[in-house]
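Presented below is the structure to which this report refers.
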Amino acid sequence: MKKILLSGIQPTGRAHIGNYFGAMKQFVELQNSLKYQCYFMIADYHGLNFVQNAEEMKDNISNLALDYVAIGLDSEKSVIFKQSDVPAHTELAWIFDTITTMPYLTRAHAFKDAELKNKEISVGTFNYPMLMAADILLYNTDIVPVGQDQKQHIEIARDTAEKFNRIFGETFKIPEALIIKNVAVVPGTDGRKMSKSYGNTIPLFAEDQEIEKCVMSIVTDSGSGLPENVYNIHKLFRPEAELIKIYADKAGKYKALKDILIEDIKTFISPIRERRNQLEKNKDSISEILKKGGEKAKSKTETKLLEIKKKIGVY
Ligand code: AMP
Ligand code: TRP
């Protein structure tokens, strides 16, 4: 029996190289290792907390599905699906709500950040970790490849599994996060974590001109002589042994270093962008992948949900 891997991304805008190096690259490598039964999800119900416009949601979902396939996720090897196609996710999230306390969830980073900003958050945002726990635990998942920012959510899923098991008897496997240390937090063009909400991203499928613009906007504040923000992004695209030499040769020549980075990013992006453009011509096949994946995922969850319902006494 293969171990089970599950991960997901929210369809909330264009994927960026932080998503790629922090998570998506691992999705492809782990899929191709053939060691795992893989589930790759489009977390559309999570995304609904942020995107509340049908056209935009629809576009985002089909764009993320295209991204998945363009980077090499393969529906022959993995189940690629959207969360909303599998009702058991939201059903189990409700069950978890009933065994989880409010004070416990108020300790989640997303909630604390919102509180600090004095923002009123939706119940969906507050409950976000419960839906994520359901996503993971429904499939008896062993590993969850993600970036560092998701670590706490996986810990919440583990706690929730343990709590349920304690109350109702052994039901859920305890999942592990898989976080690759040197790409756990990919920096953006301003040196902070790359994130859609900071506007500091380099889109994964950026056009050449866009790549140039993004790189030129990288903040080159360098007390140490090394333009750290440029270097830290460059590390993703070239082995450090080569970079050290290049950055020594061109010390202080920020424009020249940025030009090299631009070329390296273009070399990396152009084949996957080309592949994505080709795939985009046949969007029906992408919808078909999601439809089939949804059916597969749904049938997987049915036995588990039944087991859960028996445990809680509603079946
Ligand atoms: P999201 O766009 O928030 O749905 O994130 C999708 C995946 O990308 C998650 O596994 C995140 O942890 C990961 N991720 C997002 N931003 C970064 C970043 N700057 N560095 C590393 N991983 C990231
Ligand atoms: N919360 C994750 C993010 O923002 C997305 C996600 C939803 C997820 N469900 C998941 C990731 C289950 C891993 C496993 O990146």
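The values are calculated or read from the model by the stated rules, or taken from the named source; none is laboratory data. This is a predicted model, so every value here is computed, not measured. FYI the Cβ positions are ideal-geometry reconstructions off the backbone, even for glycines, and counts take in every protein chain you see. The area values use the complete protein model at the heavy-atom level, side chains included, leaving out ligands, DNA and RNA. Shrake-Rupley method; radii C 1.70, N 1.55, O 1.52, S 1.80 Å.
Below is a table of values for the structure above.
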read-out	value
Alpha-carbon centroids, the range 180-213 and the range 285-315: separation in whole Å	35
Residue-level accessible surface for Asp59, protein heavy atoms, 1.4 Å, Å²	80
12 Å beta-carbon shell around Arg275, net charge (K/R +1, D/E -1)	0
Pairwise FRET efficiency - Lys117 versus Glu240, Cβ, R0 = 45 Å, nearest 0.05	0.75
Which of Met216, Met130, Met57 is most accessible, then next, and so on - probe 1.4 Å	Met216, Met57, Met130
Environment charge at Ile4 (Cβ cut-off 9 Å; Lys +1, Arg +1, Asp -1, Glu -1)	+2
Ordering of 165-176, 277-288 by burial proxy (mean other Cβ atoms within 10 Å per residue, highest first)	165-176, 277-288
Net length gained if the chain between Glu302 and Asp97 were fully extended (0.36 nm per residue, minus Cα distance)	71.8 nm
Net charge over other residues, Cβ less than 12 angstrom from the Cβ of Phe50 (K, R count +1; D, E count -1)	-1
Square roots of 5 times each gyration tensor eigenvalue, C-alpha, the chain, largest first, Å	37, 22, 18
Area accessible to solvent at Ile312, 1.4 Å probe radius, in Å²	50
Cross-link pairs Lys112/Lys193; Lys173/Lys310; Lys58/Lys292; Lys196/Lys250; Lys181/Lys292; Lys2/Lys296 - those with Cα-Cα distance over 23 Å	Lys196/Lys250; Lys181/Lys292
Helical mean residue ellipticity (222 nm; -39500 (n - 2.57) per DSSP H run of 4+; nearest 500) of the chain	-17000 deg cm²/dmol
Overall dimensions of the range 196-278 as given by Cα atoms, namely Rg and Dmax in Å	13.2, 44
Mean Cβ neighbour count within 10 Å, used as a protection proxy, ranking 198-210, 77-89 highest first	77-89, 198-210
Solvent-accessible area per residue, Å², over the range 1-122 with all protein chains present [probe radius 1.4 Å]	49
Separation of the Asn277 and Glu212 label points, Cα + 7 Å toward Cβ, nm	1.6
Three-way shape call for the range 30-173 based on the alpha-carbon gyration tensor, with the a/c threshold at 1.5	oblate
Rounded Å value of the spacing that divides the Cα centres of the range 135-171 and the range 14-58	18
Once the Cα gyration tensor of the range 144-184 is diagonalised, semi-axes √(5λ) in Å	25, 9, 5
